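Some notes on the structure that comes next.
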Amino acid sequence: MSGICEGRVVIVTGAGRGLGRAHALEFARQGARVVVNDLGAELDGTGSSDGPAGEVVDHIRAMGGEAVANGADVADWEQARDMVNQAIETFGRLDVLVNNAGFLRDRMLANMSEEEWDAVIRVHLKGHFAPTRHAIEHWRARAKAGEAVDARIINTSSGAGLMGSVGQANYAAAKAGIAALTLNEAAELARYGVTANAIAPAARTRMTEGVFTEMMAPPSEGEFDAMAPENVSPLVVWLASEHSRFVTGRVFEVEGGKISIADGWQHGPVIDKGARWDPAEITGAVRDLLAKAPAPAPVYGT
């Protein structure tokens, strides 16, 4: 198989279903060798099995591609290290890490438990950091040995992380953290030949199918299904390819046939008194700043 990622070695986390599965299959179609990671958990993160990852591997091999399954918990430090080592030991190196794994524990803040908060922050935010940290060790060693490294990190944020989402404070906070983590990775890792970008996808998956079922009718036969997860994967594969080496530190929103670059936090209007403020003066100053600043995007669900 040949394509824009021919010969690239890729890890896709959470690749047993949904977006991750679509990414893994498209990578294989584009010539990559794929480590298909999936814990096999339920939507809320409970349970595990090796079935989904193995099924994707079988599909890739039936297509004539190369793939191996991995059942690591990506938020477990040692398991994440072993996953990266599996890619290196199986295929000789690692070129691309796609951090995609995650689950939901939706709840309004007034009702959210500590466990619901911790579990979601762990799998999304630490589950991005741990594999990335071990992949960086591999790429830095190669760069210091004089090799020309051309590696990629592709993270999965969300519109919830960019805009907020009512009933998903834990998820939104984690996804916002992933967007910020991506900026740090891009700034710190360029010296080693590594780019880092994130996507904020909109697609029908186990995590979103209820929302999209309520919002829109399923497509008619032959009609373009804008919410199919397969629509997101071409951008992910392109970001993983050699063609994308000029792009780093960006968050791409992608839905159906639409691709855009999210415009994140920017320095806004400023009032400089040139001296210490008296608290009573600040009301007028803030009113002036708000009049000059663009209105924030509405939080999802409001």
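Observations, loosely collected:
- Residue in segment 164-173 that is without any contact (Cβ under 8 Å) to a residue 40 or more places away in the chain, more than 21 Å from ARG245 (Cα to Cα) and among the aliphatic types (A, V, I, L, M) present: yes
- The numbered conditions (1) out of contact with any Leu (no Cβ under 7 Å at 6 or more places or on another chain); (2) within 24 Å of HIS243 (Cβ to Cβ); (3) of a type outside the set (A, V, I, L, M, F, W, C) are all true for ARG152 except (1).
- Annotation note: of ASP150, ASP106, the sole residue that is acidic (Asp, Glu) and in contact with a strand residue (DSSP E or B) (Cβ under 8 Å, 6 or more places away or on another chain) is ASP106.
- The one condition in (1) touching a helix residue (DSSP H, G or I) at 6+ places or on another chain (Cβ under 7 Å); (2) surrounded by 19 or more Cβ atoms within 10 Å (Cβ to Cβ) that ALA87 fails to fulfil: (1)
- Of all residues in segment 237-284 being in contact with a Leu (Cβ under 6 Å, 6 or more places away or on another chain) and touching a residue at least 60 places away in the same chain (Cβ under 8 Å), the one that is nearest to GLU185 (Cα to Cα): GLY249
- Taking helices (runs of 4 or more DSSP H) as the structural unit, those lying wholly within segment 1-119 and holding at least 2 residues that are more than 22 Å from the chain's Cα centre (by Cα) correspond to 51-62, 77-91.
- Residue count for segment 125-165, restricted to those that are part of a helix (DSSP H, G or I) and closer than 18 Å to ASN85 by Cα: 17
- Across segment 4-17, the qualifying residues are those that are modelled with pLDDT of 95 or more and in contact with a Lys or Arg (Cβ under 8 Å, 6 or more places away or on another chain), and the one among them that is surrounded by the fewest Cβ atoms within 10 Å (Cβ to Cβ) is GLY7.
- One residue stands out among those in segment 74-104 that are small (Gly, Ala, Ser) and more than 24 Å from ALA143 (Cα to Cα): the one that is modelled with the highest pLDDT, which is ALA75.
- If the condition is being over 16 Å from the mean Cα position of the chain (by Cα) and of a type in the set (Phe, Trp, Tyr), then segment 146-204 contributes only TYR192.
- Qualifying positions in segment 141-190 - polar (S, T, N, Q) and either crowded, with 17+ Cβ neighbours inside 10 Å or closer than 21 Å to PRO298 by Cβ (or both): ASN155, THR156, SER157, SER158, SER165, GLN168, ASN170, THR182
- Among the residues making up segment 229-255, those that are part of a loop (DSSP other than H, G, I, E, B) and under 17 Å from the mean Cα position of the chain (by Cα) are VAL232, SER241, VAL247, THR248, GLY249, ARG250.
- If you filter segment 241-287 down to residues that are of a type in the set (Gly, Ala, Ser) and within 30 Å of ALA28 (Cα to Cα), you find that the one that is surrounded by the most Cβ atoms within 10 Å (Cβ to Cβ) is SER241.
The values are calculated or read from the model by the stated rules, or taken from the named source; none is laboratory data. In this text the structure is predicted, and so the values were computed from the model without any measurement. In this analysis, Cβ positions are derived from the backbone assuming ideal geometry, glycine residues included, and neighbour counts consider all displayed protein chains.
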